[in-house]
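The values are calculated or read from the model by the stated rules, or taken from the named source; none is laboratory data. Bear in mind that the values here come from a model prediction, so they are computed numbers and not experimental data. Here Cβ is always computed from backbone atoms with ideal geometry, including for glycine, and neighbour counts include all displayed protein chains.
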């Protein structure tokens, strides 16, 4: 994901915590506070839309109709038939490594990164996806590309839902190791820390919802953790494996579900 997407998630976390504290012991009855809570939730959802999760928009069934997305977006899509083709256009402003992967229970038979050929046709396939761990629904393709416009082509043998996860690492990235990726152990620990933060946030939200004033003393340290984690995730964003990116999405969804419950 793009670094500013994680910064937005960090800002969102801070705003959510601040909103909970503001509602803790604020002198309003639950009935009086409910409209304001609904307005804040709408604002929170609008912010989440900027974090990097987008939905497929039809028609995008050929390269000319490819849906424009950012490198770093995670797309929720669906094949409408057993011969459906979904295309996504990505514009790179600088050279670097583009990685795309799918997650689905379907048999994904095509995951290509394409570019225009000399005749101006989208017939130049730069990278073809390989299956991950032998799973037919999980494929991954990666290419070191110059700045330019590219199309990610996804196809399956059957209709149904899928996720397309994209990431980009610029050639001048300072977060890459000699092997081109950060330590998986470090990234796993970072995701564990983020999940613990979300669990602590949920606990704080419960206390604030019940008017527990002790939430005030824990809010500031939690805000600081939110900002610190957002910065760390920014730096590691381009090195997440598809499985780690999926875990991150799961944790973020857990946080949003918790928000909607208070």
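For beta carbons closer than 7 Å, sequence separation of 6+ or different chains, a first residue in the range 78-98 that is free of Cβ contacts under 8 Å to residues at least 24 places away in the same chain and not assigned by TED's automatic domain parsing to the domain that holds residue 147 and a second that is surrounded by 13 or more Cβ atoms within 10 Å (Cβ to Cβ) and part of a strand (DSSP E or B), there are no qualifying pairs. If you check residue 62 against the conditions, is it surrounded by fewer than 17 Cβ atoms within 10 Å (Cβ to Cβ), under 12 Å from residue 153 (Cβ atoms) and in contact with a strand residue (DSSP E or B) (Cβ under 9 Å, 6 or more places away or on another chain)? Yes: the conditions hold for residue 62. Considering (1) at pLDDT below 90; (2) assigned by TED's automatic domain parsing to the domain that holds residue 74; (3) exposed (fewer than 15 other Cβ atoms within 10 Å of the Cβ), the lone condition that residue 122 does not fulfil carries the number (3). If you check residue 216 against the conditions, is it at pLDDT below 70, assigned by TED's automatic domain parsing to the domain that holds residue 244 and in a helix (DSSP H, G or I)? Yes; evaluated as a whole, the condition is true for this residue.
Do you know which residues across the range 71-84 are crowded, with 17+ Cβ neighbours inside 10 Å and part of a loop (DSSP other than H, G, I, E, B)? I'd like the intermediate steps shown before the answer.
Keep residues of the range 71-84 that are crowded, with 17+ Cβ neighbours inside 10 Å, which gives 71-75, 77, 79, 84.
Listed by number, the residues that qualify are 71, 72, 73, 84.
Just one of the numbered conditions (1) surrounded by fewer than 19 Cβ atoms within 10 Å (Cβ to Cβ); (2) at pLDDT 70 or above is not true of residue 260: (2). Considering the range 99-118 alone, what residues qualify as being surrounded by fewer than 21 Cβ atoms within 10 Å (Cβ to Cβ), in contact (Cβ under 8 Å) with a residue 40 or more places away in the chain and outside any strand (DSSP E or B)? Answer for the range 99-118, where residues must be surrounded by fewer than 21 Cβ atoms within 10 Å (Cβ to Cβ), in contact (Cβ under 8 Å) with a residue 40 or more places away in the chain and outside any strand (DSSP E or B): 105, 106, 107.
Modelled with pLDDT under 85, loosely packed, with under 14 Cβ neighbours inside 10 Å and closer than 22 Å to residue 79 by Cα: does that describe residue 172? When the stated conditions are applied, residue 172 does not pass them.
You will find that of 225, 181, the residue that is surrounded by 15 or more Cβ atoms within 10 Å (Cβ to Cβ), under 24 Å from residue 142 (Cα atoms), at pLDDT below 80 and touching a helix residue (DSSP H, G or I) at 6+ places or on another chain (Cβ under 6 Å) is 181 and no other.
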